[in-house]
Amino acid sequence: MLTLVIPGARFVRQFGFDPLSDLRLPALASLLGRAERAAQPGRPAERWLRERFGAAEVSAAALTLAVDAPDAPAGHWLRADPVHLRPDRDRALLFDASAFDLDAGEAAQLVAGLNALYAADGLHFLAATPTRWYLRLAEPAAIATTPLAEAAGHDIRPCLPAGPDALRWHRLLNEIQMYLYSHPVNDAREARGLLPVNSVWPWGEGAAPSGLARPWPRLWADAPLARGLACAAGVEMAALPAGFDAGRADGLVWLDTLERFVRNGDLNGWRAEFERLEAAWFVPLLAAWRGGALPACELLLPGEGQTLAARLEPAARWKFWRRPAEPSRLLAEPAPAVPA
């Protein structure tokens, strides 16, 4: 069976505003209307994926490093991704690299400076890609961290490292922020009207991957964590295609292209991407299922409150009385309670 996971599709409806109100998504509406729908416990999408592979405690840094830099030396690795922190009254909001462009030359200069600064402390930074950085430690980090995908777009304070070594890591992050604040690369970026890289985000601690489950025979994804899990579990994988075709009838599609717009609060981009997904994925998927080329399919739409699971079986083709669903109603999550 083909499973499509679509992180970023659920939205929080606040003040009666519906971001899907005037979008036409007839294929998605038909898919959701014909499907057997069920609500599952809500959890961040990447956490759900790790649980399916039996990798809840496995180091995310080790998983993605195996994809990004398979020849990296052994050691205790964390992700230390470049981020932008923006003051907002009494808090600091975190924006990941989907909010800014950073080229390989800029990344190399920033990482070289950090390595020179911390060489005596046994810390080594690696820019495996311009936007995915790593940090090799002399010993395991006695901290609990928040994955970047869960911290992006939020106040960093409740997301900062916790645990026995938390204070040392807070001081380290403050030092890194002071160093990056005056770095020539950031001066040049700001002069061009670009966001500076004014911090790094440490995350991804855990055990080395071993004995992972194989919940699907193949995976289509661009996300490094998804590809790292597939690699560690021995699951066949390929890049996320631009659209659906009926040859992909068994496996997992990690269709995460909406997420970056959610993290950056880009409503217009989110709506435009939903329209693209309708044309490139939902229309041909519905046609393949109706025509029998796709026997069964499952759509999973993760949310913080709950995850919507919609399963399409062959018998549902004949249930013509089932009307198209209202995407806005199914994709909306309740607004968080406002503290008294």
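Any idea which of Arg311, Arg323 is touching a residue at least 40 places away in the same chain (Cβ under 8 Å), touching a helix residue (DSSP H, G or I) at 6+ places or on another chain (Cβ under 6 Å) and among the basic types (Lys, Arg)?
None of the other options fit; the residue is Arg323.
Which residues, taken from region 131-171, are free of Cβ contacts under 8 Å to residues at least 40 places away in the same chain and open to solvent by less than 60 Å² (accessible area, probe 1.4 Å)?
Ala142, Leu160, Ala162, Gly163, Asp165, Ala166, Trp169, His170, listed by residue number.
Tally up the residues in region 59-86 that are more than 15 Å from Thr131 (Cβ to Cβ), out of contact with any strand residue (DSSP E or B) (no Cβ under 8 Å at 6 or more places or on another chain) and open to solvent by 10 Å² or more (accessible area, probe 1.4 Å), please.
Looking only at that region, the number is 4.
When residues of region 173-205 are filtered for being assigned to a helix (DSSP H, G or I), of a type outside the set (Ser, Thr, Tyr) and either buried (at least 18 other Cβ atoms within 10 Å of the Cβ) or out of contact with any Pro (no Cβ under 6 Å at 6 or more places or on another chain) (or both), how many remain?
Of the residues in region 173-205, 14 are assigned to a helix (DSSP H, G or I), of a type outside the set (Ser, Thr, Tyr) and either buried (at least 18 other Cβ atoms within 10 Å of the Cβ) or out of contact with any Pro (no Cβ under 6 Å at 6 or more places or on another chain) (or both).
Please go through region 96-111 and pick out each residue that is surrounded by 18 or more Cβ atoms within 10 Å (Cβ to Cβ) and hydrophobic (A, V, I, L, M, F, W, C).
Ala97, Ala99, Leu102, Ala107, Leu110, Val111
Only one of Ala242, Ala230 is in contact with a strand residue (DSSP E or B) (Cβ under 9 Å, 6 or more places away or on another chain) and on the phi < 0 side of the Ramachandran plot. Can you tell me which?
Ala230
Out of all the residues in region 315-323, is one or more touching a Pro at 6+ places or on another chain (Cβ under 9 Å) and either surrounded by 14 or more Cβ atoms within 10 Å (Cβ to Cβ) or modelled with pLDDT of 85 or more (or both)?
no
Give the residue, chosen from Gly153, Gly163, that is modelled with pLDDT of 95 or more and at positive phi.
Of Gly153, Gly163, the one residue that is modelled with pLDDT of 95 or more and at positive phi is Gly163.
Looking only at residues that are touching a residue at least 40 places away in the same chain (Cβ under 8 Å) and assigned to a strand (DSSP E or B) in region 214-272, which one is nearest to Ala293 (Cα to Cα)?
Among them, the one singled out is Gly251.
Among the residues of region 43-61, count how many are assigned to a loop (DSSP other than H, G, I, E, B) and touching a Pro at 6+ places or on another chain (Cβ under 8 Å).
The qualifying residues number 5.
Would you tally the residues in region 262-300 being aliphatic (A, V, I, L, M) and open to solvent by less than 50 Å² (accessible area, probe 1.4 Å)?
Final tally of qualifying residues: 9.
The values are calculated or read from the model by the stated rules, or taken from the named source; none is laboratory data. What you see is a predicted model; the values in this text were computed from it and never measured. In this analysis, Cβ positions are derived from the backbone assuming ideal geometry, glycine residues included, and neighbour counts consider all displayed protein chains. Calculation scope for accessible area: heavy atoms of the full protein, side chains included, ligands and nucleic acids excluded. Shrake-Rupley method; radii C 1.70, N 1.55, O 1.52, S 1.80 Å.
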